[in-house]
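Read the structure below first, then the notes.
The values are calculated or read from the model by the stated rules, or taken from the named source; none is laboratory data. Just so you know, these numbers come straight off a predicted model, no measurement behind them. Here Cβ is always computed from backbone atoms with ideal geometry, including for glycine, and neighbour counts include all displayed protein chains. To get the accessible areas, we keep the full protein, side chains included, count just its heavy atoms, and leave off ligands, DNA and RNA. Shrake-Rupley method; radii C 1.70, N 1.55, O 1.52, S 1.80 Å.
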Amino acid sequence: MKYQIKETKDLTEAEIKHILELWDISAWNTMKSTYFRSFFKDSEFHFLVDTHENILAIMRVNFDFTLKIADTAYTFAEAVGLVAAHKKKGYGAALVKNFKENVIQRNLETIGFCHSDLRSFYEKCDIEILHDKAKMIKESIGSEWVNSEDDDILIFHTSQERKKLLNQLSAQNNAYLTTKE
């Protein structure tokens with residue numbers, strides 16, 4: 001197995017097709033590669049591949065992710081879209097381990113999110129989890145702010161100060177997801 005990182009522009013047509021198949025999101029299933037590259041332009045892709053370059057597991061890093069907490073904007077790299085091509089083979093866990101080492105080495109402030117049913121997976125991968133803190137993040141849907149659907153914040157790598165800020169989120173102290181205009 002080999003760990004690889006690719007920028008969106010460097011993905012092949014076959015890789016894009018395979019990524020979309022693995023993600024299996026109906027709204028994206030017909031996405032063409034040109035649109036994919038534009039849609040995910042602020043991303044990089046992390047892979048675990050076999051000796052034939054087949055994708056065993058994938059994760060995307062979104063660099064367009066800013067949380068506003070108490071009137072201050074904090075930009076993070078957001079780890080999303082983790083999926084393994086084959087379940088229960090350890091590929092997802094191996095990718096998470098390589099990914100965590102990579103963001104620590106690059107000193108990249110990186111967080112992710114998960115539902116509570118995935119806690120045990122991330123605990124096995126030695127990822128710090130801020131339980132039930134993702135619900136305190138508000139996202140703009142149309143003209144209103146709604147709570148995130150995720151339960152937990154995953155700490156892949158971040159400063160103690162930022163971790164403390166995230167851990168202090170509450171119903172009285174929400175974070176707001178802001179996007180680039």
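Of all residues in the range 51-74, those that are touching a residue at least 12 places away in the same chain (Cβ under 8 Å) have Cβ atoms under 6 Å from Cβ atoms of residues that are among the basic types (Lys, Arg) and open to solvent by 20 Å² or more (accessible area, probe 1.4 Å), 6 or more apart or on another chain, in 64/180. Looking at the range 1-38, which of its residues are open to solvent by 90 Å² or more (accessible area, probe 1.4 Å) and in contact (Cβ under 8 Å) with a residue 60 or more places away in the chain? Selection gives 1 alone. Of note, residue 154 does not satisfy the criterion of being open to solvent by 50 Å² or more (accessible area, probe 1.4 Å), closer than 30 Å to residue 89 by Cβ and within 15 Å of the chain's Cα centre (by Cα). Taking the range 112-142 as the range and being open to solvent by less than 70 Å² (accessible area, probe 1.4 Å) and among the β-branched types (Val, Ile, Thr) as the test, the residues that pass are 127, 129, 137. Every condition in (1) at pLDDT 95 or above; (2) closer than 23 Å to residue 48 by Cα is met by residue 117 except one, and the failing one is (2). Residue 68 meets each of the listed conditions (1) outside any helix (DSSP H, G or I); (2) out of contact with any strand residue (DSSP E or B) (no Cβ under 6 Å at 6 or more places or on another chain) apart from (2).
Scanning the range 76-111 for residues that are among the aliphatic types (A, V, I, L, M) and either farther than 18 Å from residue 43 by Cα or open to solvent by 30 Å² or more (accessible area, probe 1.4 Å) (or both) turns up 80, 82, 84, 85, 93, 94, 104, 108.
Take the range 1-20 and flag every residue that is hydroxyl-bearing (Ser, Thr, Tyr) and closer than 14 Å to residue 34 by Cβ. I'd like the intermediate steps shown before the answer.
Applying the first criterion (hydroxyl-bearing (Ser, Thr, Tyr)) to the range 1-20 yields 3, 8, 12.
Those that are hydroxyl-bearing (Ser, Thr, Tyr) and closer than 14 Å to residue 34 by Cβ: 8, 12.
Here is a yes/no grid of residues against (1) in contact (Cβ under 8 Å) with a residue 40 or more places away in the chain; (2) β-branched (Val, Ile, Thr); (3) part of a strand (DSSP E or B):
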| position | (1), (2), (3) |
| --- | --- |
| 126 | no, no, no |
| 135 | no, no, no |
| 140 | no, no, yes |
| 146 | no, yes, yes |
| 150 | no, no, no |
| 156 | yes, no, yes |
| 163 | no, no, no |
| 176 | yes, no, yes |
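Kindly establish whether residue 41 is on the phi < 0 side of the Ramachandran plot, open to solvent by 80 Å² or more (accessible area, probe 1.4 Å) and not in a strand (DSSP E or B). Considered against the rule, which asks whether it is on the phi < 0 side of the Ramachandran plot, open to solvent by 80 Å² or more (accessible area, probe 1.4 Å) and not in a strand (DSSP E or B), residue 41 comes out as yes.
Taken over the range 47-75, the criterion of being buried (at least 16 other Cβ atoms within 10 Å of the Cβ), touching a helix residue (DSSP H, G or I) at 6+ places or on another chain (Cβ under 9 Å) and within 24 Å of residue 133 (Cβ to Cβ) is satisfied by 59, 60, 61, 67, 69, 74.
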